[in-house]
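J.: Structure in structure tokens, see below.
The values are calculated or read from the model by the stated rules, or taken from the named source; none is laboratory data. Everything numeric in this text was worked out from a predicted model, so none of it was measured. Reconstructed Cβ throughout: ideal geometry from the backbone, glycine too, with neighbour counts over all protein chains shown. With ligands, DNA and RNA removed, areas are computed over all heavy atoms of the protein, side chains included. Shrake-Rupley method; radii C 1.70, N 1.55, O 1.52, S 1.80 Å.
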Amino acid sequence: MAVTSSSSSTSGGTNSSATLVSTNSSSTQFFVWREFLWGAIAGGFGEGMMHPIDTVKTRIQSQAIFTQTQKQKSIVQMVRAVWGADGLRGFYRGVVPGVTGSLATGATYFGVIESTKKWIEETHPNLGGHWAHFIAGALGDTLGSFIYVPCEVIKQRMQVQGTRKYWTSVVMKDAAHLQSDATMYGYYSGMFQAGCSIWKDQGPKGLYAGYWSTLARDVPFAGLMVTCYEALKDLTEYGKQKWFPNSSFHVNSSFEGLVLGGIAGGVSAYLTTPLDVIKTRLQVQGTIVRYNGWMDAFRRIWLIEGPKGLFRGSIPRVIWYVPASALTFMAVEFLRDHFKEDKVKEVTTLSIEKSKSPLQQQS
């Protein structure tokens, strides 16, 4: 009887352990998919809300493609120009491909970060900490670029076009500055038509114009933003322990994500503005090749426009990324707090109770 009891107890313990492992494994997979889904929603929401500011930034950065003059519009002048020519519609041109690209980027960015960060810390302890955050963020953004870049090309060309009337006037006005045998790309009526048109005129090369410059911008940006965010979280925790060691004061993690995410996004956005200017001009130029690659674009912008040219559009870029990053990190922290910890504890408790019930019956 004792042997039987011992055997049953061992078997019961094994079942309990197996159930827990299986449950935790499925829970981990579930929450990784949650990260993908939440990241996609947050990314698409941020792009949709901040698209008008992105339109202003894109037009400011691409002015040199369509005008040969050194005098270029400021932010206020550009806002007035877009409103005067196209009204509210002008600010939302290209919003569909913009949201589509952000859905893909947000999903891969946060989905890959969570799993990659843990894998790096477990398999390569020497790359733990901020290096793990940087690598995970860079990898997540790289994977999302395969969908994001074509959407970005379409979005930016539609943004600079505005309405058909405005685009026609721009082409006619600046036709004298173009080569006699050169033709600017036609007007895009929508995302699908734009994609087909670019593919027909330039092939895959057109849809992936500025691909490497996009990675040169986004990989450092993604890595910097995650690293900066995690560093700010560590600094905040250090400050709380140093200045309020015995205090029960607790900062809501969603609010912390909102504030620190905004700061991290703004700093990273400003530092990578030169890379964004180069990417924008390579993607917008179309068949009128003014810059032959990344290095040529950097050299010509520096020689003709100086440092100011490389940081053109930095203010609207920062204005875009501060709230977008803040909302994104707030959403992710909210998800982690309200879904991950509570649900895992609940599922684990249920698994233990179920595995114990046969033993209770035997005893």
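J.: How far apart, in nanometres, would the label points at residue 73 and residue 234 be if each is projected 7 angstrom from Cα along the Cα-to-Cβ direction?
T.: So the two model labels end up 4.4 nm from each other.
J.: With θ set to phi - 60°, apply the Karplus curve 6.51 cos²θ - 1.76 cosθ + 1.60 along region 219-232 and write out the HN-Hα couplings as whole Hz, x wherever there is a Gly or Pro.
T.: 5, x, 4, 4, x, 5, 5, 5, 4, 5, 5, 5, 5, 5
J.: Here's another thing I want to ask about it. Determine the order of 300, 93, 217, 80 by accessible area, beginning with the largest, at a probe radius of 1.4 Å.
T.: Highest to lowest solvent-accessible surface, that is 80, 300, 93, 217.
J.: Just to verify a number: what accessible area does residue 189 come out at with the full protein assembly present, 1.4 Å probe, Å² rounded to tens?
T.: My reading of the accessible area for residue 189 is about 80 Å².
J.: Ordering 78, 191 by how much accessible area each has at a 1.4 Å probe, largest first, what is the list?
T.: Largest to smallest exposure gives the sequence 191, 78.
J.: Multiply the residue gap between residue 189 and residue 270 by 0.36 nm, knock off their C-alpha separation, and tell me the result in nm, one decimal place.
T.: 25.9 nm
J.: In addition: Under a Cβ-Cβ cut-off of 15 Å, what is the net charge of the residues other than residue 296 that fall near it, where Lys and Arg count +1 and Asp and Glu count -1?
T.: Result for the neighbourhood of residue 296: +4.
J.: Heavy-atom accessible area of residue 296 with all protein chains present, probe 1.4 Å, nearest 10 Å²?
T.: 30 Å²
J.: If I model a spin label at residue 80 and residue 252 as a point 7 Å from the Cα along the Cα→Cβ vector, what separation in nanometres do I get?
T.: Between residue 80 and residue 252, the label points sit 4.1 nm apart.
J.: If you rank 225, 295 by how much accessible surface each has, with a 1.4 Å probe, what is the order from largest down?
T.: So the residues, ranked largest to smallest area, are 295, 225.
J.: So what's the net charge close to residue 236: Lys and Arg +1, Asp and Glu -1, counting the other residues with Cβ under 14 Å from its Cβ?
T.: Here the count lands on -2.
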